[in-house]
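Step one of this worksheet: look at the structure below.
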Amino acid sequence: MLKTIRGSIGLTQEDLAERFQVDVTTVQGWESGRRPLMAVSAGTYLRLRHTLLRMGASVRLLEQLDVAMEADRFVGYVLGADGALELDGHPLATWVITRPFTDLIGWVFAGTVPGIFASTPQVSRRGPSATGPQLASDEQRHVVTHLRSAAEQAPDTVDGALLRRQAHYVVGFDSSSETVEWLAVMQRREQRLLRTDEWSPSWAVVRSGAHTLARTGDGEALSRFIQVHIEADETEIANLNYWAYWLGELGDPQVSDTFMTETDLDAWRGTRLLDHLATKLHAGNPYVDVVAHTMWSLINRKPEILDPDRSDTVSTAARRLLDEGAVSPQSRRELEEVLYALRIIHRR
């Protein structure tokens, strides 16, 4: 991340070292990981951040550098973990992880470049160079083994469910058949803890598990989740609040999944969520059915977000998907109801 920020403002390692008044080998060490940036003092890190800001780095990228530090802390914790689970100190049991954090973890384990880099110039280097953060194969196996073990040991408490949910999601970046089978087994186990008519910490685990399995190519769990586990008003609100948090509309950090039902829907507007959902209404999206359902639910509860421009965008995306015919009968019905609602709004 530091290398990307340096490249975005056209600096060499020597330029940054000179401006920051350190030896060039220090900058090289930070960027290669030989000298982890996490090991520097808080004062040094803040001074580096301020230096980069004065030199023209974008605030958005600098915020992502903070997230990268959190990702490094997580990877370092897991690589150093050995033995019994410590629930109180585990990084996945102490906060609700965000989309930017997960994007960075996916970059490490799946090689998926975060979307924030789409318009960011990349640093070119002589000779072979890694295109992103990497772990050795034995380190990746250690991470997967640890997270599976942590999920299996986590107690049936609010914090334990948070750890299970997030461990399942991160493990899902490993596409091996063994991991996919393990995820399916854990999903069935979690469903046995779940009552279908109300929200619970296990509901949140089943929700994430269904999305993870869909990412691996198993859409059955996601279809079951939509049909069975998002039917009460409380669970509809929980689904919307989680989407709002995931996309940054609900910006406050959360330490427990209980925020899903404790947060009032009026705490966030919904326009960012609607814009995102409209871009995800396409047949190639493994989550397309839950996207369609969430859009239907959002418009039912927040019709005021449908200004003319958004209405046109949503209508176009919904009609295109219906023409493709690649959605479930429930999604088709819900998208037709969305289009009907849009026609009613335009008549007003």
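Would you compute, from DSSP H runs of 4+ residues alone, the mean residue ellipticity of the chain at 222 nm, taking -39500 (n - 2.57) per run and dividing by the full residue count, rounded to the nearest 500? Working shown, then result.
Details: 17 runs with 215 residues, N = 348.
After summing the helix terms and dividing by residue count, I get -19500 deg cm²/dmol.
Averaging 1/r over each pair of different alpha-carbon atoms in the stretch 196-348 and inverting the result gives 15.8 Å, the Kirkwood hydrodynamic radius. For the stretch 1-152, just say rounded, prolate or oblate: build the C-alpha gyration tensor, square-root its eigenvalues into a ≥ b ≥ c, call rounded for a/c under 1.5, and beyond that prolate if a/b exceeds b/c, oblate if not. It comes out prolate by the Cα gyration axes. Of the three principal axes defined by the Cα atoms of the stretch 269-348, the extents in descending order read 32, 23, 19 Å.
Using only Cα coordinates, the Kirkwood hydrodynamic radius of the stretch 1-57 works out to 11.2 Å.
When Lys and Arg each count +1 and Asp and Glu each count -1, what net charge do the other residues less than 11 Å away from Leu322, Cβ to Cβ, add up to? Don't jump to the answer; show the numbers that get you there.
Values: positive: Arg319, Arg320, Arg332, Arg333; negative: Asp323, Glu324, Glu334, Glu336.
Taking every Cβ under 11 Å from that of Leu322, the sum is 0.
Note on the chain: Cα Rg divided by 2.2 N^0.38 Å, N the number of residues, gives 1.08.
Against the chain, whose longest principal axis is taken from its Cα atoms, helix 59-80 shows a tilt of about 80°.
Summing +1 for each Lys or Arg and -1 for each Asp or Glu among the other residues whose beta-carbon sits under 15 angstrom from that of Val205 gives +3.
Any read-out appearing in this document is the output of simple, stated calculations on the displayed coordinates, not a laboratory observation. Treat the numbers as computed from the prediction; the structure is a model and nothing was measured. When we count neighbours, we look across all protein chains shown, and the Cβ atoms used for this are built from the backbone with ideal geometry, even at glycine.
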